[in-house]
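Trainee: One structure coming up, written as C-alpha cells, with questions to follow.
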There are 4 protein chains.
Amino acid sequence: MSLNTFGHLFRVTTWGESHGPALGATVDGCPPNVAIDEGSIQQWLDKRKPGTSKYTTQRREADKVKILSGTFEGKTTGTPVQLMIENTDQRSKDYGDIIEKFRPGHADITYYQKYGNRDYRGGGRSSARETAARVAAGGLARAALARLAPQIEITGYMTRMGAHEIDRENFDWDQIEQNPFWTPDAKAAHTWAGYLDGLRKSGSSVGAIIEVTARGVPAGLGAPVYGKLDTDLAAAMMSINAVKGVEIGEGMSAAMLTGELNADEITMGPDGPEYSSNHSGGILGGISTGQDIVIRFAVKPTSSILTTRKTITKSGESTEIITKGRHDPCVGIRAVPVGEAMMACVILDHLLLHRGQIGENQGTIG
Amino acid sequence: MSLNTFGHLFRVTTWGESHGPALGATVDGCPPNVAIDEGSIQQWLDKRKPGTSKYTTQRREADKVKILSGTFEGKTTGTPVQLMIENTDQRSKDYGDIIEKFRPGHADITYYQKYGNRDYRGGGRSSARETAARVAAGGLARAALARLAPQIEITGYMTRMGAHEIDRENFDWDQIEQNPFWTPDAKAAHTWAGYLDGLRKSGSSVGAIIEVTARGVPAGLGAPVYGKLDTDLAAAMMSINAVKGVEIGEGMSAAMLTGELNADEITMGPDGPEYSSNHSGGILGGISTGQDIVIRFAVKPTSSILTTRKTITKSGESTEIITKGRHDPCVGIRAVPVGEAMMACVILDHLLLHRGQIGENQGTIG
Amino acid sequence: MSLNTFGHLFRVTTWGESHGPALGATVDGCPPNVAIDEGSIQQWLDKRKPGTSKYTTQRREADKVKILSGTFEGKTTGTPVQLMIENTDQRSKDYGDIIEKFRPGHADITYYQKYGNRDYRGGGRSSARETAARVAAGGLARAALARLAPQIEITGYMTRMGAHEIDRENFDWDQIEQNPFWTPDAKAAHTWAGYLDGLRKSGSSVGAIIEVTARGVPAGLGAPVYGKLDTDLAAAMMSINAVKGVEIGEGMSAAMLTGELNADEITMGPDGPEYSSNHSGGILGGISTGQDIVIRFAVKPTSSILTTRKTITKSGESTEIITKGRHDPCVGIRAVPVGEAMMACVILDHLLLHRGQIGENQGTIG
Amino acid sequence: MSLNTFGHLFRVTTWGESHGPALGATVDGCPPNVAIDEGSIQQWLDKRKPGTSKYTTQRREADKVKILSGTFEGKTTGTPVQLMIENTDQRSKDYGDIIEKFRPGHADITYYQKYGNRDYRGGGRSSARETAARVAAGGLARAALARLAPQIEITGYMTRMGAHEIDRENFDWDQIEQNPFWTPDAKAAHTWAGYLDGLRKSGSSVGAIIEVTARGVPAGLGAPVYGKLDTDLAAAMMSINAVKGVEIGEGMSAAMLTGELNADEITMGPDGPEYSSNHSGGILGGISTGQDIVIRFAVKPTSSILTTRKTITKSGESTEIITKGRHDPCVGIRAVPVGEAMMACVILDHLLLHRGQIGENQGTIG
C-alpha cells in the first residue's frame, strides 16, 4: 500500500475530498474484456449512499459514477479505468468556529499536525466520503470476478450495533437485504431500530461490527509471509476510516482457545477437502483453504455528536465544541458495502497474483 | 507489501526456511551512519530464542545473527544490510507419516494446494522460525530509531493467556522483564505459570493476546487513506504467523461505545496537546497524535498437540494424525519480541516516509 | 514503475484515451503547501499543445487542465492531486478500414495481441495524447521544486532533426524559446524549417533527438544500484511513446572513448567540487554530482504517413494501408515539454527519496 | 525499481559489497517447481568471472554460488531463493591515499556526498562486483523461462570496442562463444585482441557496446505506458554500473530516419504476422511483437587507469591520483553475461505479469 494506492496487480488509487469538485478511483491492472457499465457500478454506490433511511446521514449526495476511461464498447480494455463521482451537495455554509477548533475524535488535529494545513469545510481525505470511491472500484472488481471466478459470492452484514450483538442461531442470508442495517438476524434488526432511533434523537452515536464473507473462493490464494491473504484483507479493512479492529475467523477469541478447539479437522469430501469447522476463517498460513473467507471489523462511533466536548484551537487555546450537522448515528451501516468492496478488490488482486506466479500448476489432492 | 517484503522506504525482505542452511532478512533503505553490530541485534534474538524457559519449545537454535553487508566500521552505510541466521538444529529424523499427511490447523494443506510442493521437514515459510528474521530486522530498526528519535520506547507484553486476562490495575512496566511471559501483571504471571504447566504436561496448547506500545512517537506520522499508520501496523502484526486479530486502541470494543465515550477530549498542555484518554490508541485518521501508540494482536494456539486429529493425505484418503515433537504450549510468549520488531520497523518506515514528503514543514499548535 | 504509475514517493498515474471523455494524471505524494493553480500548470500544456505552428498536427485540442482534488486555498494539501483534461476534438468520422487493419509501426497490432481488443478510434493509451497528462503532472512537480529547490532549472531542446544535427558552437540558451523547434541553434532552426516543410508537404515524417538539462541539482540524489538517478531518468524517457534510445552524458559515444578521455577530473572550487568536463552527464554511480544533469532521447518518426504500406487485417489477410489524417511531421517537437516534465518528476521524486532516507546528514567536502 | 530491488512479480534484491564477507541476490516471486541447482546457476557466473582471459581483471574470485533457501529436492518451492556468493579474494592491502582521495570517474565522491561515509576498500555497491548477484538471479530466471517458455533464447554479444565496430555482414551466432570478447564477428575478434592488448599494456581502458537479443519471445508482453517492456529493459540495462546509453531496435539512429524507412511492414506468414524488417527491436507501443527483442547498451571505459589525474580529498584539497591495481581494460567484456541476466529477469517478469493480468485471453490474428 502506498499513501493512496492499494493492491499488487489490481491497483486502486482513490483521490478527492468531500468539498472539492469531484472524487474518484483510478483503477489500474484490471483484466481486459470485462463487461462493465456505469449502471453495474452504480448499484453498489446506491447501497452506500447517504439518506437511504432515517438511520443514515440526511446529507444528499447523488453519488453518480462516471467512467472516464478504460472501457470500449461496454468492456474493459485492460488500461486504467477512471471512476469519477462529482460532488453535488456543497451548500455554502457558515463554518463558524470549526475553522479554528479541532473536533475531538476526528482527524482534524493530526491532519493539521502532519500537513500544516486543513480544509475545514470537511474531513478532507479522512472523511467517510472517500469510501464512495472504494465502492466504485469494488464494483469493477466484482465485475471482473464475475468473469474470472463466477462462483464467488461476497456478502457483508452487521453483527453488532453498540451493546447489541446478533444471535447466530437466527442467521439468515436472505434477511440481509430486508432491513436497513444489513443484518442477517431479523430479530436484531427490530431491536436495533428502536435502539438507534433513541440514539439518533439524543444526538448520540454508536459503534458497530461488520462481517464480510466470501464464499466460493478457491484454495491457494495468498502467500505465507507478508503477502498473506489475511494480511491484505486486514490492511484493506483497517484502511477504512473509523475502523479500530480486524478479525479473521475466530479473531481475538482465538486467544482463549486450546489447540484442540481451534484447529479445524480435515476430511475428504466429494469435491475435495472438507473441514469440521471454520475457526481459521478460510485461511491457513496466509493461503485460502477453499472454505468461506470470514473477516470482521469494528467501526467506532462517529465523534460528531450533540454534546459539548473539550478541545483546543490552532493557536493552542483550550475551548469547547459541539459538532452540529447532518451525521450518521451509526456509520457502521454504510460501512457494509465498503467492506464488501475491499473484499472484492483483495480477492481479485490475489487471483491475479496467483495466476501470475503459479498459473495452472497447483497441487491437487486425491 | 509484496510476497516477502514489507515497508515503503525501510524495506525488509525475509527469506529462508527452518530446514535449509540459513534464513535471514535483507534490509534495504536503512539510513546511513547508524551504529550497529551483531551484538546489538543479538540481544533481541535472544529474547525470542526457543528454550529460554520450560514454557517454550525445547528445540535448540543458537540463532546467531551475522551481518553480511551494509555496514562499515560499525555503522550502516545506507546500502542493504543482510542479516543471516544459520540453522544449526537440523537433526535428521524420521518424518514418518507427516510426509503424506496434512496437519490440521497448519499451512501444510494450503501450501501444497498453492505451490504443488511441500517441504515436509518443517513448516517452510509458514514456520514461526521465519520470525527470527523479523526480530533481526527489528533490531536494526531500533538502532536507527535510537539515532533518529531516541525518545521512542517500544515495549511488548502479554495481556491474555487463554482464559486468563491481566488486571490493568496491576499494570507495572517494570514487571515485564521479570517473568517468562513478558506480562506487566505479576499476579497474572503467577497464575499463568501453573495454568501453562498443566497445559504443557497434557500436551495441549493455548492462545494469547500481545499488546505492543510505542511511547514517544511524534504527532504526524501516517497518512489518511491507505498509507495509514494503523493500516501498516495492522498488516505488520497480521503478517506474523498464527495471528488472527488486530486491534488499535479500543479495538473491537469500540463497536460497543457511544460517541461520547469514545472520543478523547483535547486540552492544551505545556508541551502541546494532551488528551483525556487514549481510546484512539494514539492514531486519529491514520496519523499519530503524539499519545502512546497501542496495538494488540491475538495469537492462536499451536495446532501441534498430543491429541489424535482427523485429517487427509495428499492422495485424498481420510486418516488421523498426532503431531509429536518439541512444541510451544503458548507460542504467544515468543511472539512478544516479534510484535515489538514489527512495531519498530513500521514506526521507522513512517518516520522516513514523513520526512520524505513533508520535511520540517509540519503544522504547529500554539 | 507499475503499468500506469511511475515514481517512488512522488507517484504519477496517468489514465485516459484520446477518444474517451477525458484523460489525466492522479498525482500522489506531492509535498503539502506548494502554491499551485490551473494557470501555472496550463502554461506547460500550452507548450505541448497541437496546432501551435504549421509544424505540428492541426488537430485542435484545447488541453485545458482542471484540478479536481488535492488543493485548498491555492496550495497543495499533501493528498492526491487529480489533474483532468477533457477531450474536446472528438469529431465523429469514418474510420474506414482502420477498424480491421493494423497500421505498420503503430501499437495497433501488439495492443490487440495483448488485450484481445482495440479502440480503433485512436491509439488508446499508446497515443501521444497520453503525454498531455505527463506534462500536467510535470507542471505540479515544477511547482514543488520551486518551493524545495528553487535553484533548479529544467530545460529541454532539440539537438537533431532527421539528417540535421545542431552545431554545439552555436548553442544559445536564449534561442530555445525563439523558434518552433525549441532548438538552441538559431542556424539549425532556419535549416530545419525548410527541411520539415518539405517533409510535411510530401506527407512524410522524420525522427528527432531531444536533450533535457537540469541545472542546479544538488549532489547526492540517486542510489548506487537499481534506484540510480540515471536508471529512473532512462525509464522515464523510454516510457514516452515513440522513444527508442536514451543517453546520459556521453551516452552511446562513451563506448568509443578511453578512460583518460572519459573520466572528468575534479578540482576544488569556491562552492565545492568542480569538474574539468561533464562526460558523466552529472551522474556518477547513479548519484548526482552537482554538475548539470544531461539526458538525450531519440524519437522515431511517426508511422502515420501518406505512403501505401503493406499490412494485415485482424482476420489475418494481407492488405495495404495509407494512414490519412492530421499528423505531426516531426513528433519530436512536441516531445520537448514531455521530456522536461519527466525530468521534473524524477528529480522531485529523488529529492523526496533522499530526504526520506538521509535527511540532513550528507557528507560534506572541505 | 526500489533502491536495491527490481522487478514487478519476479523481484530481485541484490545486497553486499566487494569487501564484506559475501554478496548475493534475494529473489522473490519465482514460480514453483522450477528445476534448479547450484551448478546450473554457476555456469553463468563462470562466464562473468574475472581472470578467464588476459583481457579481464586478474583479480581472483571463485564466485561460487550457494543456494540458501527456496528450493527443495532440486526444485523451487515458490518462496524466496537466496543466492549467496562469498568473497574470497579480500587480501589485506595498503589503501594508501585512496582513503582520502576521490578517484575521478568513480562513484567515490557522490557516494560520500550522499551517505556521509565511504568504504574505501572498494567501490561498495557501485563496484562491478555487484553484478555477480545479477548474473546469479539471471540464472534462476533462465531456469524458470526454460520451464515456462522453452523456445526463448537470450544471447548477449559485443558489437563495438572503442573505435572498432563489428561488420554486421560477418555476424555469426556460432562465433560468439569462440572468442574472449563474445563477439559474433570473428574478424573483429582478431582485430580487437591486438587493440586491447595495446591498451592493457599502456594501462589504459576503453568502452564497448553490448547487444542482447531475445529470440522466441511471444507477442503481447509489456504494456503501453510506464510498464512498457522497453522501459523495463532500458531501466534494467541502465542500472548496470558504467552504462551510459541504451537503445531498442534502431535506437538513437531512429532520429535520422523518415517514417517510410522506420516502420516495419507486416505480412501474414504461416505462423502469424511477419515483418519486413525489425527497426522496432521487437517492441511496438511497449508490447512485444513476436520478433526478436534487440537492446544495446554502452559501457564506459573504467576510470581505473595508470595515468595521473587531478582530484580532491575529503577535506577539499586539490591533489592528484593514479589508480593502481588489477583492472579490466574493457569492462564491457564482463558486462555481456550481465546484460543477458537482466534480459532474462525482465522477460520472465513480464511473462508473469502478462499471465496475471490477461491469462489466456489474448487476441488472435487470423
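Trainee: What is the local net charge at residue D:344, summed over the other residues whose Cβ is closer than 12 Å to its Cβ (Lys, Arg +1; Asp, Glu -1)?
Mentor: Value of the local net charge: -1.
Trainee: Rounded, prolate or oblate: which fits the range C:23-174, taking a ≥ b ≥ c as square roots of the Cα gyration tensor eigenvalues, rounded meaning a/c under 1.5, else prolate when a/b beats b/c?
Mentor: oblate
Trainee: A further question on this structure: Taking chain B as the reference, fit the longest principal axis to its C-alpha atoms, fit the long axis of helix B:332-358 to the helix C-alpha atoms, and give the angle between the two in degrees, 0 to 90, nearest 10.
Mentor: Helix B:332-358 and the main axis of chain B meet at about 40 degrees.
Trainee: Can you tell which of B:173, B:131, B:154 lies farthest toward the positive end of the dipole of the range B:117-194, using +1 and -1 charges on the Cβ of basic and acidic side chains (Lys, Arg; Asp, Glu)?
Mentor: After comparing all options, I get B:131.
Trainee: Still on this structure, please answer the following. Could you work out the mean count of beta carbons from other protein chains within 10 Å of each residue's beta carbon in A:206-213?
Mentor: Neighbouring Cβ atoms belonging to other protein chains average 3 per residue here.
Trainee: May I pose another question? Can you give the calculated 222 nm mean residue ellipticity of the protein assembly as shown, where each DSSP H run of n ≥ 4 adds -39,500 (n - 2.57) and the sum is split over every residue, rounded to the nearest 500 deg cm²/dmol?
Mentor: -8000 deg cm²/dmol
Trainee: Which is farthest toward the positive dipole end of chain C among C:117, C:219, C:52, measuring Cα position about the Cα centre, with Cβ charges +1 (Lys, Arg) and -1 (Asp, Glu)?
Mentor: C:117
Trainee: Continuing with this model, one more query. Please list A:201, B:47 from largest to smallest accessible area, probe radius 1.4 Å, with all protein chains kept in place.
Mentor: Putting A:201, B:47 in descending order of accessible area: A:201, B:47.
Trainee: Another question about this same structure. Run the quick spin-label model on residue A:97 and residue C:271: label points 7 Å from Cα toward the beta carbon, then report their separation in nm to one decimal.
Mentor: Here the modelled spin labels are 5.2 nm apart.
Trainee: Here is a further query. With a 1.4 Å probe and all protein chains in place, put A:182, A:192 in order of accessible area, largest first.
Mentor: From most exposed to least exposed: A:182, A:192.
Trainee: As I understand it, the value is the acute angle between the Cα axis of helix B:186-201 and the longest principal axis of the Cα atoms of chain B; what does it come to in degrees, rounded to 10?
Mentor: 20 degrees
Trainee: Hey, in the GNM for chain C with a 10 angstrom Cα cutoff, which one of C:85, C:154, C:321 fluctuates hardest?
Mentor: Of C:85, C:154, C:321, the most mobile in the Gaussian network model is C:321.
Trainee: For a protection proxy built on the mean count of beta-carbon atoms within 10 angstrom, sort D:215-227, C:62-74 highest first, please.
Mentor: D:215-227, C:62-74
Trainee: What does the net charge come to around residue A:149 if you take all other residues with beta carbon closer than 13 Å to its beta carbon, with K and R at +1 and D and E at -1?
Mentor: With Lys, Arg at +1 and Asp, Glu at -1, the net is +2.
Trainee: Which of A:276, A:288, A:298 sits farthest toward the positive end of the charge dipole of the range A:258-305, with +1 on the Cβ of Lys and Arg and -1 on the Cβ of Asp and Glu?
Mentor: After comparing all options, I get A:298.
Trainee: Find the centroid of the Cα atoms in the range B:285-308 and in the range D:344-366, then give the distance between the two in whole Å.
Mentor: Result: 39 Å between the Cα centres.
Trainee: Relative contact order for chain A: what percent, with Cα pairs under 8 Å and sequence separation of 6 or more?
Mentor: 21 percent
Trainee: How large is the dipole of the protein assembly as shown about the Cα centre if only Lys and Arg carry +1 and Asp and Glu carry -1, each at its Cβ, rounded to the nearest 20 debye?
Mentor: Charge dipole of the protein assembly as shown: 0 debye, to the nearest 20.
Trainee: On to the next question. Check each of the chymotrypsin sites (Phe, Trp or Tyr not before Pro) in the range D:95-149 and keep only those in coil by DSSP with at most 14 other C-beta atoms within 10 angstrom; list them in order.
Mentor: D:95
Trainee: Straight-line reach from residue A:64: which aspartates and glutamates have a Cα under 13 Å away, not including same-chain ones fewer than 8 places off?
Mentor: Output for residue A:64: A:37, A:38, A:46, A:86, A:89.
Trainee: How far is the Cα center of the range D:106-138 from the Cα center of the range C:309-333, in Å?
Mentor: If we compute the Cα centre of each part, the gap is 47 Å.
Trainee: Counting only protein chains, not ligands or nucleic acids, how are B:343, A:256 ordered by accessible area (probe 1.4 Å), most first?
Mentor: A:256, B:343
Trainee: Running a GNM on chain C with Cα contacts under 10 Å, which residue among C:229, C:257, C:45 ends up with the highest mean-square fluctuation?
Mentor: Result: C:257 has the largest fluctuation of those listed.
Trainee: Could you work out the local net charge near residue D:191, counting Lys and Arg as +1, Asp and Glu as -1, over the other residues with Cβ closer than 12 Å to its Cβ?
Mentor: Neighbourhood net charge equals -2.
Trainee: In whole angstrom, how far apart do the alpha carbon centroids of the range D:258-273 and the range D:158-210 sit?
Mentor: Here the two parts' Cα centres lie 32 Å apart.
Trainee: With all protein chains present, calculate the accessible area of residue D:8 using a 1.4 Å probe and round the result to the nearest 10 Å².
Mentor: Its accessible surface works out to 40 Å², give or take rounding.
Trainee: Follow-up question, since we're still on this one. Sequence neighbours fewer than 8 away in the same chain don't count; with that in mind, list the lysines whose C-alpha is under 28 Å from residue B:101.
Mentor: Result set, ordered by chain and number: A:228, B:93, B:114, B:201, B:244, B:300, B:310, B:314, B:324, D:75.
Trainee: Assign one of three labels to the range A:243-300, namely rounded, prolate or oblate, based on the Cα gyration tensor with a ≥ b ≥ c the square roots of its eigenvalues; rounded applies when a/c is under 1.5, prolate when it is not and a/b is larger than b/c, and oblate otherwise.
Mentor: oblate
Trainee: Comparing A:291, A:113, A:43, which has the greatest mean-square fluctuation in the GNM of chain A with Cα pairs linked when under 10 Å apart?
Mentor: Answer for the Gaussian network model of chain A: A:113.
Trainee: Can you tell me the orientation of helix A:131-148 relative to chain A, as the angle in degrees between its alpha-carbon axis and the longest Cα principal axis, to the nearest 10?
Mentor: 20 degrees
The values are calculated or read from the model by the stated rules, or taken from the named source; none is laboratory data. Just so it is clear, the model here is predicted, and its values are computed rather than measured. For neighbour counting, all protein chains shown are included, and Cβ atoms are generated from backbone atoms with ideal geometry for every residue, glycine included. Each accessible area value is taken on the protein alone, full model and side chains, heavy atoms only, with ligands, DNA and RNA left out. Shrake-Rupley method; radii C 1.70, N 1.55, O 1.52, S 1.80 Å.
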